[in-house]
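Engineer: Quick one: the structure is below, questions incoming.
The values are calculated or read from the model by the stated rules, or taken from the named source; none is laboratory data. On a predicted model such as this, the values are computed, not experimentally measured, just so you know. Backbone-built Cβ (ideal geometry, glycine too); neighbour counts: all protein chains shown. The protein model used for the area step is the full one, side chains on, heavy atoms only, and it has no ligands, DNA or RNA in it. Shrake-Rupley method; radii C 1.70, N 1.55, O 1.52, S 1.80 Å.
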Amino acid sequence: MTAAAWDDLAARHRGREPAVAPAPGGTDAVDALRAYRVMVRAARPFRAGTRFRALPDVRFLVEGGRIRTPGDLLPGPQDDTAERYASRLDTRMEGNGRLLAVEQPLLLDHVLWAQVRDLVAPLWERIGHPVLPVVAELALGEGITDRDGLRREPAHSSLVWVLHGSVTVLPEHPQDGHALTAGTGELLHWPAGRPHALRYGSRTLALRLLVPADDRLLAEAVKDVVAGLLHERRSHDNVPYLPYPPTDQEGGAPEVPELGAAARDLRQVTGDERLGRILRVLWARRVSAGALEPAPDPRPSVTLAPEDRLRPASPVVRMPLDEEQAWIWAVDGHAFSLRGTLGERVLHLLQQPGAHTVAELCAEAAPGRQAQVAALLNKLHTLRGVDVVGRTDTA
């Protein structure tokens, strides 16, 4: 997709207009085989039975509704390609329509997650990074109209990359526009506030992103942070049980001291600078993840050798934490804090052409501080902010 096409999509997104456009990178923007294999991996525990409140979440739908315990209708080890899996279900289900949908599958595979983050980065650069997480979903459909779950959610706009097959949006109300169809290698945008169904064509594999659009979601997100801080402050308390009518009143309004104390703690939590710092850390993490949360786990920690040659990998997001030279560093959805300017000098050197050894980067520090640089480089490597040239033992 050209810069002009991205500009047009950004304008349509801001203007809440439906659109179909050539997808950035075409059919190679997302590794379709890798995406299918991630779906197989996500489905593995669901073959044994339904799981609740688990991510990734797996749903299997037919025209009559959702099958709660699909068992071996889900892909297994024998289904090494999407086509082989579809052929098996054609025989098993006699050609009836079906849909396998996996919510938040990207956390299982960093390579696929990074591909999708790179895919949406040009859009975020134009419209701004989402303040709330974006919900990602992989869908494998065959001749079915899906009216279940997130598809009807009016609080999110939809971005659908069709990796193979076709997806048609069917508005529920005539005033919400007409049906739109995207085929292989195309991107479909559908604005928030317009309930709809999705019609999947034959052998369809699609990536769907739900971008938060309703400001009520923002209030819910802040409330969750405040509730966590309040629980942390009051975790030693039990819920009180009080007599009614109150026993110590002389005709006045009854006091409920336990609720009053919780209210005072709430005022302190919301007025504390710590709340602002936590929200800044969450924002830095979200920007570094392209809003694709949950992010994959970091690499296993290793100790870099002085001769290891490093090159930049995932972008490092830096944001001031306070007025005392403390900074938030965030990489791939994970964050840590750092003080002073030494880290900035090391990062600047890393970004110069060529690979740099750990020893060369440590030499940037004054004597006695080289261990701090080594620790920073190990941290960046664990979070995938740097790669070791020639090393293939870490993903």
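Engineer: Collect the residues in region 221-230 that are without any contact (Cβ under 8 Å) to a residue 24 or more places away in the chain and surrounded by 12 or more Cβ atoms within 10 Å (Cβ to Cβ), keeping them in residue-number order.
Structural biologist: ALA227, GLY228
So that you can scan it fast, the table gives a plain yes or no per residue for (1) farther than 30 Å from ALA3 by Cα; (2) in contact with a strand residue (DSSP E or B) (Cβ under 9 Å, 6 or more places away or on another chain):
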site: ARG41; (1), (2): yes, no
site: GLY49; (1), (2): yes, no
site: LEU61; (1), (2): yes, yes
site: GLU83; (1), (2): yes, no
site: ARG92; (1), (2): yes, no
site: GLN115; (1), (2): no, no
site: TRP124; (1), (2): no, no
site: GLY128; (1), (2): no, no
site: GLU142; (1), (2): yes, yes
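Engineer: Next up: Could you say whether any residue in region 132-149 is modelled with pLDDT of 95 or more, more than 30 Å from ARG84 (Cβ to Cβ) and not in a loop (DSSP other than H, G, I, E, B)?
Structural biologist: Yes, region 132-149 has at least one match.
Engineer: In region 204-220, which residues are open to solvent by 10 Å² or more (accessible area, probe 1.4 Å), outside any helix (DSSP H, G or I) and of a type in the set (Gly, Ala, Ser)?
Structural biologist: ALA213, the sole residue that qualifies.
Engineer: Could you tell me whether VAL120 is open to solvent by less than 30 Å² (accessible area, probe 1.4 Å), among the β-branched types (Val, Ile, Thr), in a helix (DSSP H, G or I) and out of contact with any strand residue (DSSP E or B) (no Cβ under 6 Å at 6 or more places or on another chain)?
Structural biologist: Yes.
Engineer: If you don't mind, there's one more thing I want to ask. Filter region 85-94 down to residues that are closer than 12 Å to VAL62 by Cβ and over 32 Å from the mean Cα position of the chain (by Cα) and give me whichever is most open to solvent (accessible area, probe 1.4 Å).
Structural biologist: Filtering region 85-94 down to residues closer than 12 Å to VAL62 by Cβ leaves 89, 92-94.
Imposing the further condition that a residue be over 32 Å from the mean Cα position of the chain (by Cα) reduces the set to 92-94.
Numbers: ARG92: 125, MET93: 27, GLU94: 160 Å².
Here the residue is GLU94.
Engineer: Please go through region 287-310 and pick out each residue that is loosely packed, with under 14 Cβ neighbours inside 10 Å and under 26 Å from the mean Cα position of the chain (by Cα).
Structural biologist: ASP297, PRO300, SER301 - these are the residues of region 287-310 that are loosely packed, with under 14 Cβ neighbours inside 10 Å and under 26 Å from the mean Cα position of the chain (by Cα).
Engineer: Working carefully through the options GLN352, GLN268, find the one that is polar (S, T, N, Q) and either in a loop (DSSP other than H, G, I, E, B) or under 30 Å from PRO122 (Cβ atoms) (or both).
Structural biologist: GLN352
Engineer: Here are some residues: LEU188, LEU123. Which one is in contact with a His (Cβ under 9 Å, 6 or more places away or on another chain) and either within 30 Å of THR382 (Cα to Cα) or hydrophobic (A, V, I, L, M, F, W, C) (or both)?
Structural biologist: Going through LEU188, LEU123 in turn, just one is in contact with a His (Cβ under 9 Å, 6 or more places away or on another chain) and either within 30 Å of THR382 (Cα to Cα) or hydrophobic (A, V, I, L, M, F, W, C) (or both): LEU123.
Engineer: Across region 37-67, what is the total count of residues that are over 23 Å from ARG199 (Cβ atoms) and either open to solvent by 50 Å² or more (accessible area, probe 1.4 Å) or touching a Lys or Arg at 6+ places or on another chain (Cβ under 7 Å) (or both)?
Structural biologist: 11
Engineer: Give me the residue from region 16-30 that is touching a residue at least 24 places away in the same chain (Cβ under 8 Å) and open to solvent by 40 Å² or more (accessible area, probe 1.4 Å) and, out of that set, farthest from ALA179 (Cα to Cα).
Structural biologist: GLY25
Engineer: Among the residues of region 305-340, which ones are within 25 Å of THR357 (Cβ to Cβ), touching a strand residue (DSSP E or B) at 6+ places or on another chain (Cβ under 7 Å) and in a loop (DSSP other than H, G, I, E, B)?
Structural biologist: Within region 305-340, PRO306, GLU307, ASP308, ALA313, SER314, VAL316 meet the criteria.
Engineer: Could you go through region 360-370 and let me know if any residue there is in contact (Cβ under 8 Å) with a residue 60 or more places away in the chain and either closer than 21 Å to LEU282 by Cα or crowded, with 19+ Cβ neighbours inside 10 Å (or both).
Structural biologist: The answer is no; no qualifying residue exists.
Engineer: Being over 28 Å from TYR85 (Cα atoms), surrounded by fewer than 18 Cβ atoms within 10 Å (Cβ to Cβ), hydrophobic (A, V, I, L, M, F, W, C) and in contact (Cβ under 8 Å) with a residue 40 or more places away in the chain: is that true of ALA155 here?
Structural biologist: For ALA155, the condition - over 28 Å from TYR85 (Cα atoms), surrounded by fewer than 18 Cβ atoms within 10 Å (Cβ to Cβ), hydrophobic (A, V, I, L, M, F, W, C) and in contact (Cβ under 8 Å) with a residue 40 or more places away in the chain - is met.
Engineer: Could you say which residue among GLU293, GLU323, GLU344, GLU364 is at pLDDT 90 or above, acidic (Asp, Glu) and more than 30 Å from LEU210 (Cβ to Cβ)?
Structural biologist: GLU344
Engineer: Got a number for residues in region 332-353 being open to solvent by 20 Å² or more (accessible area, probe 1.4 Å), touching a residue at least 24 places away in the same chain (Cβ under 8 Å) and farther than 25 Å from PRO296 by Cβ?
Structural biologist: Total meeting the criteria: 1.
Engineer: Still on this model: Among the residues that make up region 276-286, is at least one of them surrounded by 10 or more Cβ atoms within 10 Å (Cβ to Cβ) and over 20 Å from the mean Cα position of the chain (by Cα)?
Structural biologist: So far as region 276-286 goes, yes, one or more of its residues are surrounded by 10 or more Cβ atoms within 10 Å (Cβ to Cβ) and over 20 Å from the mean Cα position of the chain (by Cα).
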